[in-house]
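Chemist: Just dropping this structure here.
The values are calculated or read from the model by the stated rules, or taken from the named source; none is laboratory data. For clarity, every value in this text was computed on a predicted model and none was experimentally measured. When we count neighbours, we look across all protein chains shown, and the Cβ atoms used for this are built from the backbone with ideal geometry, even at glycine.
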Amino acid sequence: MVKIISTGVVLILLALAFIGVPALPAKTPAFVMWLLCALPAMVICGTLPFVVCGYVIGPRDLEIIRLGWSNRIPLTEIVSVQADPLAMNGSLRLCGSGGMFGFFGWFRNGRLGVYRAYCTDLSRCVVVKLRTRTIVVSPDSPERFVAALNERISPGASA
């Protein structure tokens, strides 16, 4: 799904620049032409840094690997973790990407309330409840991810 949405959006943006600009009337202001040419690069460059590249369960935190940086969630903040392929169903995107290179940002639905998503595959969602918020991730193997994370957060788990 992410590949289809990303390809479609990139093609639309490129069409806007390469087909839209020549089709504009001759008296179109220069800033409009510049904006149509720059828009694809601005959208792509503005979205790419937030791409989710993977997840690492470390001794002290859950690391969400991004393109060039990462988010760290202390394991002590995790209250529960559960695989839920329908977690994002019916969600409203509040701020973030709804498919362009992934599903990441802030979302809201009736079941989870407001939550932060770090997903690339909506059929592999895992809901991670923290003390003060909820996040949704999409590891390759939700069952193995849940088991590994539960092992780390359970009382008496070795570091």
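Chemist: Any chance region 77-94 includes a residue that's more than 25 Å from Gly8 (Cβ to Cβ) and among the acidic types (Asp, Glu)?
Modeler: yes
Chemist: Could I ask something else about it? For Cys45, state whether it is under 13 Å from the mean Cα position of the chain (by Cα), of a type outside the set (Val, Ile, Thr) and within 17 Å of Ser6 (Cα to Cα).
Modeler: Values: under 13 Å from the mean Cα position of the chain (by Cα): no; of a type outside the set (Val, Ile, Thr): yes; within 17 Å of Ser6 (Cα to Cα): yes.
Considered against the rule, which asks whether it is under 13 Å from the mean Cα position of the chain (by Cα), of a type outside the set (Val, Ile, Thr) and within 17 Å of Ser6 (Cα to Cα), Cys45 comes out as no.
Chemist: Looking only at strands (runs of 3 or more DSSP E) that fall completely inside region 13-108, which ones have 1 or more residues that are closer than 27 Å to Arg144 by Cα and among the aromatic types (Phe, Trp, Tyr)?
Modeler: Fully inside region 13-108 and qualifying: 52-57.
Chemist: Only one of (1) assigned by TED's automatic domain parsing to the domain that holds Gly99; (2) more than 19 Å from Arg116 (Cβ to Cβ) fails for Ile44. Which number is that?
Modeler: So Ile44 meets the others, but not (1).
Chemist: Pairs needed: first member in region 77-91, on the phi > 0 side of the Ramachandran plot; second member anywhere, in a strand (DSSP E or B); C-beta distance under 7 Å; at least 6 residues apart or different chains.
Modeler: Qualifying pairs under 7 Å: Gly90/Asn109.
Chemist: Regarding region 25-34, can at least one residue be identified that is surrounded by 15 or more Cβ atoms within 10 Å (Cβ to Cβ), among the hydrophobic types (A, V, I, L, M, F, W, C) and within 30 Å of Leu122 (Cβ to Cβ)?
Modeler: no
Chemist: Mind listing whichever residues of region 101-132 are loosely packed, with under 14 Cβ neighbours inside 10 Å and within 13 Å of Ile78 (Cα to Cα)?
Modeler: Arg131, Thr132
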